[in-house]
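Read through the structure below, which is laid out as structure tokens, and then see the notes.
The values are calculated or read from the model by the stated rules, or taken from the named source; none is laboratory data. These figures come from a predicted structure and were not determined experimentally. Glycine also receives a Cβ, built like all others from the backbone with ideal geometry; neighbour counts cover every protein chain displayed. Each accessible area value is taken on the protein alone, full model and side chains, heavy atoms only, with ligands, DNA and RNA left out. Shrake-Rupley method; radii C 1.70, N 1.55, O 1.52, S 1.80 Å.
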Amino acid sequence: MPELPEVEVVRAGLEAHVAHRTISKVEVLHPRAIRRHVLGAEDFTGRLAGVRIDAARRRGKYLWLELDSAEAVLAHLGMSGQMLVQPEGAPDEKHLRVRVRFDDEGPELRFVDQRTFGGLALDELAEVDGARLPSAIAHIARDPMDPAFDLGAAVRALRSRRTEVKRALLDQTLVSGVGNIYADEALWRAKLHWARPTDKLVAARAEAVLAAAAEVMAEALVAGGTSFDALYVNVNGESGYFDRSLDAYGQEGLPCRRCGSAIRREPFMNRSSYSCPRCQPRPRTSSR
DNA sequence: CCTGACACCTGAGCGC
DNA sequence: TGCGCTCAGGTGTCAG
């Protein structure tokens, strides 16, 4: 499930259903799911047995389970990863990759991932810029829901890049949590075309698009996230409903809510970008 | 250093 | 039906 609101929905579910429980046994059903755990599946399962989960945390699209062993299980959902809380004995999902059982014999935790772009790894926690993070994600910037998020610093970082504004929004080292959907929504709200060069954005415009990203992701979280199909669900398998509130993403041909022009779709980085041709005019100097 | 292209996967939906 | 193509909420790696 991908972007920040959807990942936060999952994190909250993990906090509610697996925090304060002790792991009894872990099974890795597909090696790719733990490819980031360099020491391999045996090391992964061996070190998790008997460990208690203290908390579920998140930065951007990454989440991790803090363990009483002072380590963490770092997780990324990739394009299609799910964390499901299921009764023991429920039939295995087709793409079940990792199963975590607990010593209370309550519901088990399942990492399910069709495309296997996501994965789990055991990692050390490290102090990074005042935060305690799995060391593998030390390079990931704070997200807009982080209490210590610094909007001014994000504005400066974005404007220091020489690239297109949407590429910058998707760069998780500048600001984290934003993906293709919320980038398009933020650009629509800020009335910016995705190809606008970052180094020519005045600070107020850069701030506007970053604030819009924060705002739209907060609204999406209230709605339980964005979900077009069964791939994007919370730990109980339920979909969010923010898709009904999208103004740009996936709206090709539909009237812009502000001006009525038909929303257009343009190729962008091997996928698509949706925007309003009138509210978000293409930059004059852009090649596209 | 920084930027952009590409690889990594599976499955759904479409036109022929 | 079936084939081949395109598309999909992401990111690590590598060449220039």
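If you go through the stretch A:187-196 one residue at a time, do you hit one that is under 16 Å from the mean Cα position of the chain (by Cα), touching a residue at least 12 places away in the same chain (Cβ under 8 Å) and closer than 23 Å to A:Gly240 by Cβ?
Scanning the stretch A:187-196 turns up no residue that is under 16 Å from the mean Cα position of the chain (by Cα), touching a residue at least 12 places away in the same chain (Cβ under 8 Å) and closer than 23 Å to A:Gly240 by Cβ.
Could you list, ordered by first residue, the pairs with Cβ atoms under 6 Å in which the first is in the stretch A:148-175 and within 18 Å of A:Phe268 (Cβ to Cβ) and of a type in the set (Ser, Thr, Tyr) and the second is assigned to a helix (DSSP H, G or I) and within 11 Å of DNA strand B (Cβ to nearest atom), at least 6 apart or interchain?
Final answer for the pair search is A:Thr163/A:Thr198.
Considering only residues that are under 12 Å from the mean Cα position of the chain (by Cα) and of a type in the set (Gly, Ala, Ser), which ones fall in the stretch A:135-149?
none
Keeping to the stretch A:9-39, report how many residues are open to solvent by 30 Å² or more (accessible area, probe 1.4 Å), within 18 Å of A:Pro134 (Cα to Cα) and out of contact with any Ser or Thr (no Cβ under 9 Å at 6 or more places or on another chain).
Residues meeting the conditions: 5.
Quick one: how many residues across the stretch A:222-277 are more than 8 Å from DNA strand C (Cβ to nearest atom) and acidic (Asp, Glu)?
Selection size over the stretch A:222-277: 4.
Step by step: first the residues of the stretch A:60-81, then only those that are open to solvent by 20 Å² or more (accessible area, probe 1.4 Å) and touching a strand residue (DSSP E or B) at 6+ places or on another chain (Cβ under 8 Å), then the one that is nearest to A:Arg32 (Cα to Cα). Which residue is that?
Applying the filter and picking the extreme gives A:His76.
Would you be able to tell me the number of residues in the stretch A:56-97 that are within 15 Å of A:Asp123 (Cβ to Cβ), in a strand (DSSP E or B) and of a type outside the set (Asp, Glu)?
14
Conditions: (1) away from DNA strand C (no atom under 11 Å from the Cβ); (2) open to solvent by 10 Å² or more (accessible area, probe 1.4 Å). A:Gln172 meets all but one. Number of the miss?
(1)
So A:Val209 clears everything in (1) surrounded by fewer than 21 Cβ atoms within 10 Å (Cβ to Cβ); (2) over 27 Å from A:Ser80 (Cβ atoms) except one condition, right? Which one?
(1)
For the stretch A:94-118: of the residues being among the acidic types (Asp, Glu) and open to solvent by less than 40 Å² (accessible area, probe 1.4 Å), which is farthest from DNA strand C (Cβ to nearest atom)?
Ranking the candidates gives A:Glu108 first.
I'm trying to understand the selection: among the residues of the stretch A:244-284, which are more than 14 Å from DNA strand B (Cβ to nearest atom), under 23 Å from the mean Cα position of the chain (by Cα) and either open to solvent by less than 20 Å² (accessible area, probe 1.4 Å) or hydrophobic (A, V, I, L, M, F, W, C) (or both)?
The answer is A:Leu246, A:Asp247, A:Ala248, A:Ser275.
In the stretch A:122-142, how many residues are away from DNA strand B (no atom under 16 Å from the Cβ) and either among the small types (Gly, Ala, Ser) or part of a strand (DSSP E or B) (or both)?
Adding up the residues that qualify gives 14.
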